[in-house]
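The structure appears below as structure tokens.
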Amino acid sequence: MTTVEEYLMLGYRIYYYFYLGTSITLQLFLLFIIINTKTKLLVEMRIYLINTLILQMIICSMATCLQSRIVPNRNTVSLLCLGPCRYYGAQFCQHIFELLQTAHIACATSLILAFYYRYKLLKIGSVKKTTRYLHFSISYIVPLLALGCSQLAPSDLDVVKDEVIKLHPTYNVEQYAIIGYSGIYTAGGILNQVMYALAVYASPIIAIVYRRKILNLLNTSQASKLERIDQSKSMIRGLTIQTLIPIVAYIPILTFYGIATYADFNSIIIEFIISPTTIIYTMTDPILTIYYVLPYRRVVKRLFSKPKTGSRRFSLFHSETNTVFTVPHT
């Protein structure tokens, strides 16, 4: 093991625990705001926001448990895990990784679900509870299908480890739990990759379609509801950014992996950078939600501002008069 790898491993551990603490703190802070903000416009919407929030907390915890480093090979996909999962064996790490992939996809579909809910709410004025339950059930079908496909992909961890040793003889593999897939060109391996790629790339496309539909509805609304329209537009802007950030993070990964696999190119620094970039959105999403959901932004401003002199009572969470509105058909 080289000195560079030793320093990178140390930095990796420090980063992941800093990341976990920061992400969980931001997400719990947002959860506190969501639960306590009594805005009628967000009474039902907060269920969708909490759904995404819980999934992101799961992603934070699993990613830190793995602390995986992606190493490109010829015929296998390998991840070298530095996290606590390695103390429970490579097979345990493999299961955590499969669940992490599922949570990533579920997080993407949860954002699409939020877009669809806003669209239906603007279109018809209300969404029944039974309909919401149906939407949630459908949104979890895709990640569960992806989890099923991952079970079809060959995952002989001895084969994965042997190829890592053969292609990267300078790596000290004893420091890691080595996991991955041993047959990326088999039917199961290809299906697993296709399902994951579809979830990554399809979600922003669907989001942009519904964003356009929502903005068209808002632009035909009455001017008397301008404040609520502005709130809806701001929320949609935030959801759009949240949907696009993961795909921006994945493009460099797929590019590097393709080059490294087929052009015999490798970079140990890039190997360590890849995994952290795929989870950075779980740290930025709470900030984006607070900023673009205007009632939440107002709460945070009141939280960090001093009450006016002479005021009898300082109310941080107050009920706003915003109501759900229907966009008239044109």
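The values are calculated or read from the model by the stated rules, or taken from the named source; none is laboratory data. This is a predicted model, so every value here is computed, not measured. Neighbour counts run over all protein chains shown; Cβ positions are idealised from the backbone, glycine included. Please note that ligands, DNA and RNA were not included when accessible areas were found on the heavy atoms of the full protein model with its side chains. Shrake-Rupley method; radii C 1.70, N 1.55, O 1.52, S 1.80 Å.
Observations on the structure shown:
- Residue 156-residue 88 FRET efficiency (beta carbon distance; Förster radius 25 Å; 0.05 resolution): 0.85
- Put simply, the amide H of residue 39, placed in the peptide plane, has neighbours under 5 Å in 320, leaving out anything fewer than 5 places away on its chain.
- List 5, 174, 163, ordered by accessible area with a 1.4 Å probe, largest first: 174, 163, 5
- Virtual paramagnetic centre 7 Å along Cα→Cβ of residue 190, amide N under 15 Å, in segment 141-167: 153-154
- Along each principal axis, Cα extent of segment 1-83, largest first, Å: 58, 29, 14
- Net charge over other residues, Cβ less than 15 angstrom from the Cβ of residue 12 (K, R count +1; D, E count -1): 0
- Between the residues 147, 77, 214, the greatest Cα displacement towards the positive end of the dipole of segment 69-220, with unit charges on the Cβ of Lys, Arg, Asp and Glu, is found for 214.
- Taking 0.36 nm per residue of separation and subtracting the current Cα-Cα distance, fully stretching the chain between residue 287 and residue 170 would add 38.0 nm.
- Virtual spin-label span in nm between residue 269 and residue 50, 7 Å along Cα→Cβ: 4.5
- Shape category assigned to segment 1-158 from the gyration tensor of Cα positions, a/c cut at 1.5: oblate
- Computed about its Cα centre, the charge dipole of segment 152-235 is approximately 820 debye, with only Lys, Arg, Asp and Glu carrying charge at their Cβ.
- One chain, two ends: residue 305 and residue 15. Fully extended at 0.36 nm per residue, the span grows by 101.2 nm beyond their Cα-Cα distance.
- Centroid-to-centroid separation of segment 42-63 and segment 176-203 [C-alpha atoms, Å]: 25
- Accessible area (Å², per residue) of segment 63-192, counting only protein heavy atoms and a probe of 1.4 Å: 42
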